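What follows is a single structure, written as structure tokens, with notes after it.
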């Protein structure tokens, strides 16, 4: 019996971007979209076009570039939202408009301040408007899992009749349990008379750590699209993790009558790219893509794996990208090898000048590191890629001193909008001193909430990757920097965060305004 196709709807660029501090520029979104295309996801939700001019342009750029995936834009039920999404997507080879409105009593009463009948009317009107632009229309009933079943079924039946081809019923606040989510979808599909005219979709949040389990339960109940993100990125506790859903379905084909078209060997590269761009590190024990996902410490486990891999490994590490992408570049490597490897990683430059500058940085790194790995290249490009408004503060020079019994000291020179400024400070350690020096120049008033250091590869010459989280006037951003000198990496990360928080690209949250 033939297996059904499970559609993978990736919303890393939209819902994933709503993680505090994870905002992406157009250049960031394009790099991730290319990686998602190589991963062979079915649908890329590129953003929320009406949120800001920057979001509109990013969605339009992704729509023009992607050829092997459907590109989707989010829109509330307001016609202006839908028309704006259509305009951003018009050059896509395959486009989808995704419109939504809340259907739970708590949302309708307290957020929308709309009566149920008005919500149905708005939903139907939105779908009909979207159908004027495309026959690929998705409707989401926000907070569906807390909606009244009779009302939800009425909404679903009405929007399918209006032309919606995909029906997404999100567990918006991560309240569901696998057993109840499975029954929830079975009930809707059974009770809606025209349910066979649409593909049903699950979008589960991870507030109770159950997003993947709930998504798998939905698949078991007949859902044939799952909405997910790379590394489970998303607001609050995140979304369902793409890599975990895909590998659960692929590994347990005995339990699922469906499969995806995902090129699983690209999973690890995509995970690392998203982590590098957003500054959200992957925890070592994260399933599939964590550093320890295929590591064995126990002697009993090691003995078993050496004798027969399947004793303790239910997947091959190579199938998700581990140990398959190692290539060693060094200071003798030429421009052609450098360009070729970057292309394999989905990194291409539109201008020769940008490639030349990146190659120069690569040579500088190669003088300090004997071997350059893919992780180094991704960090090198992410650390220095031009990103719209984030580059107004740049590190020019830094010197730090630290000795036993002496007060650590740092001197920093920054370029701010073309003007160089310098400062010297002491501190509890060299990083503290350097940050105080930066602050004495910038005077941002930001609060440091997180400081995290990870080694990108193994060895004492590894680049250190530093992630910082800053809070300023209620906004939270992440910054990231990489260097073989951990103090320099720390300053780069701090400056990266300052650029994001002091010179932001304004964008609107999809739920920022009430229905209008």
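Some values worked out for this structure:
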quantity: Enumerated strands (runs of 3 or more DSSP E) restricted to the range 391-457, each holding at least 1 residues that are touching a helix residue (DSSP H, G or I) at 6+ places or on another chain (Cβ under 6 Å); calculated: 393-401, 409-416, 419-426
quantity: Residue list for the range 15-59, restricted to those being part of a loop (DSSP other than H, G, I, E, B) and modelled with pLDDT of 95 or more; calculated: 40, 41, 42, 48
quantity: Lone qualifier among 263, 235 - being modelled with pLDDT under 95 and surrounded by fewer than 19 Cβ atoms within 10 Å (Cβ to Cβ); calculated: 235
quantity: Lone unmet requirement of (1) surrounded by fewer than 16 Cβ atoms within 10 Å (Cβ to Cβ); (2) more than 14 Å from residue 492 (Cα to Cα) for residue 427; calculated: (1)
quantity: Index of the failed condition, residue 437 passing every other in (1) at pLDDT below 95; (2) over 31 Å from the mean Cα position of the chain (by Cα); calculated: (1)
quantity: Among the residues listed as 80, 115, 87, the single one being surrounded by fewer than 24 Cβ atoms within 10 Å (Cβ to Cβ) and more than 20 Å from residue 45 (Cβ to Cβ); calculated: 115
quantity: Count of the range 10-51 residues which are surrounded by fewer than 20 Cβ atoms within 10 Å (Cβ to Cβ) and at positive phi; calculated: 1
quantity: Filtered residues of the range 439-476 (kept if out of contact with any strand residue (DSSP E or B) (no Cβ under 6 Å at 6 or more places or on another chain) and surrounded by fewer than 14 Cβ atoms within 10 Å (Cβ to Cβ)); calculated: 443, 445, 458, 459, 460, 461, 473, 474
quantity: Residue 74 part of a helix (DSSP H, G or I) and either outside the structural domain of residue 234 (by TED's automatic domain parsing) or surrounded by 24 or more Cβ atoms within 10 Å (Cβ to Cβ) (or both); calculated: no
quantity: Residue 140 being closer than 30 Å to residue 38 by Cα and either in a loop (DSSP other than H, G, I, E, B) or in contact with a strand residue (DSSP E or B) (Cβ under 6 Å, 6 or more places away or on another chain) (or both); calculated: yes
quantity: Residue that is surrounded by the most Cβ atoms within 10 Å (Cβ to Cβ) [pool: residues in the range 412-424 that are touching a strand residue (DSSP E or B) at 6+ places or on another chain (Cβ under 6 Å) and closer than 25 Å to residue 379 by Cα]; calculated: 412
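The values are calculated or read from the model by the stated rules, or taken from the named source; none is laboratory data. This one's a predicted model, so the numbers in the text were calculated from it and none came from an experiment. Positions of Cβ are generated from backbone atoms using ideal geometry, with glycine treated the same way; all protein chains shown enter the neighbour counts.
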